[in-house]
1. Rank these residues by their accessible area, most exposed first, probe 1.4 Å: Thr65, Thr152, Thr104.
2. Please state the relative contact order of the stretch 105-185 as a whole percent: Cα pairs under 8 Å, 6+ residues apart?
3. At 222 nm, what helix-only mean residue ellipticity would the chain give, in deg cm²/dmol to the nearest 500, using -39500 (n - 2.57) for each DSSP H run of four or more?
4. Please enumerate, by chain and number, the aspartates and glutamates with C-alpha under 13 Å from the C-alpha of Lys4, excluding those fewer than 8 residues away in the same chain.
5. Using heavy-atom solvent-accessible surface (probe 1.4 Å) with all chains present, what is the largest-first order of Lys4, Lys168?
6. Express in nm, to one decimal, how much length is gained between Gln123 and Lys140 on full extension, taking 0.36 nm for each residue of separation and deducting their alpha carbon distance.
7. Which whole-number percent is the relative contact order of the chain (Cα, under 8 Å, 6+ apart)?
8. Where only protein heavy atoms count, and the probe is 1.4 Å, what is the accessible area per residue for the stretch 35-185 in Å²?
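The values are calculated or read from the model by the stated rules, or taken from the named source; none is laboratory data. None of the values given here were measured: they were computed from a predicted structure. Cβ coordinates were reconstructed from backbone atoms using ideal geometry, including for glycine residues, and neighbour counts include every protein chain displayed. Surface areas here come from the heavy atoms of the whole protein model, side chains and all, with no ligands, DNA or RNA. Shrake-Rupley method; radii C 1.70, N 1.55, O 1.52, S 1.80 Å.
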Amino acid sequence: MNTKNAIILHGTGDSPEDYWFPYIKSNLESRGFSVWAPALPNAAKPNLQDWLPFVLENGEITENTILIGHSAGAQLILSILENIDCRVKQAILVSGYARALVKTEHDKENNELDWNKAKEHAQNIIFVNSDNDPWECDDKQGRIMFDHLGGTQIIRHGEGHMGSGTFKQPYKEFPFLASLIKMYE
């Protein structure tokens, strides 16, 4: 099936029911998208060994796919882009950072990204970071990704992590993000 679809990927310790994820899911479904917002395995300790095969084996990723990720979910998108054979329609990384996820939950070092390979697999890529992210997933990290991958960097001022229980940022709606998602003709 090659219909327009979206995959929404949460971050560390989160679930598909947190923050703006249900809002974006509902918004996209109302626009005719098929949306998959999975609960990623071992969410408290994100790692490629658990997350990447789960998404690649269970998600539908085609040239009509929009990938949306928050925090560690944004990093997962970079690894997905390194490991697929098609060019997704759009990738939007919210509060992402310029390092790959660790391979296993026991690793201490982040992996190196193959920036060129990731770049080949997205028609359009957008980085949305704040200038005051308490987890340091800030505009500087967005700039590093932009410098490697191109696309569009958007800096939100004073928006923190754009969803954090620790820092009391409920961020239940995100109309700005909904406006970034490419409309299909």
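1. The most accessible residue leads, giving Thr152, Thr104, Thr65.
2. In percent, rounded to a whole number, it is 26.
3. -8500 deg cm²/dmol
4. Counting by Cα, and skipping residues close in sequence, Lys4 has these aspartates and glutamates nearby: Glu29, Glu60, Glu63, Glu185.
5. Ranked from most to least accessible, the order is Lys168, Lys4.
6. 3.8 nm
7. After rounding, I find 20 percent.
8. I get 47 Å² per residue for the stretch 35-185.
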